[in-house]
Ligand SMILES: [Fe+2]
């Protein structure tokens, strides 16, 4: 049987909580259920976790800043970067799970958008084709998804201020709380403490993925998404 964990003191520092959750072991108690952060913003996002019947901790994927470049109406497709798109090809995959960290969610929707290899976003009507580097996809019967793209570049938000490379995604499924988040790449020099976005959640190790070379070229990485119930 699942049960809600208790509420921690909301004055606790979020990064301290992430360290706690990241290092939580079976039987850990008193994990946080924070109030809604909401799309678009707020420091880092929710920290929802459940302690399962065996004492293991199941964390929901944390929210991140929406940013200014989401555009509704992206087409359904796995390949969001055309074959002519410059940059390192990147194969992303993963799974969307319920809040027991085990049950796959079939038909979960992922709305994905990202910058190109130079760090530039493209409007849906800009040269290069409609909805360049944007797309929606649904999870299969086993909760898995796959995405064919290029590795996004870092971009500057001000003089000497850079963001770590990232892919934006909104994940939704009926009966579960929609999460707006970002995934990052291990080894990026602009991960915290160097991220210019101090309200972003780029310090969450659950969303910093390792990229590995693929046979035949390009890179691959995987992200596990866990949705909290409404
Ligand atoms: Fe962005």
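No value in this document is a laboratory result; all are computed from the given coordinates. Please read all numbers here as calculations on a predicted model, not as lab measurements. Cβ sites come from the backbone with ideal geometry, for glycine too, and all protein chains shown count toward neighbours.
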Q: Name all residues of segment 48-68 having a backbone nitrogen under 18 Å from the label point set 7 Å from the Cα of residue 196 along its Cα→Cβ direction, giving them as ranges.
A: 65-68
Q. So, by mean Cβ neighbours within 10 angstrom, what's the order for 208-215, 129-136, 85-92 with the highest one leading?
A. 129-136, 85-92, 208-215
Q.
Would you work out the Kirkwood radius for segment 66-226? I mean one over the mean of 1/r across all pairs of different Cα atoms, in Å.
A. 16.1 Å
Q: Please work out the Cα center distance from segment 153-230 to segment 84-116, rounded to the nearest Å.
A: 11 Å
Q. What percent do you get for the relative contact order of segment 155-221 when only Cα pairs under 8 Å and 6+ apart count?
A. 26 percent
Q) Under a plain spin-label model, where a point goes 7 Å from the Cα along Cα-to-Cβ, how far apart in nm are residue 212 and residue 154? A) 2.6 nm
**Q.** segment 66-226, relative contact order [Cα under 8 Å, separation at least 6], %
**A.** 27 percent
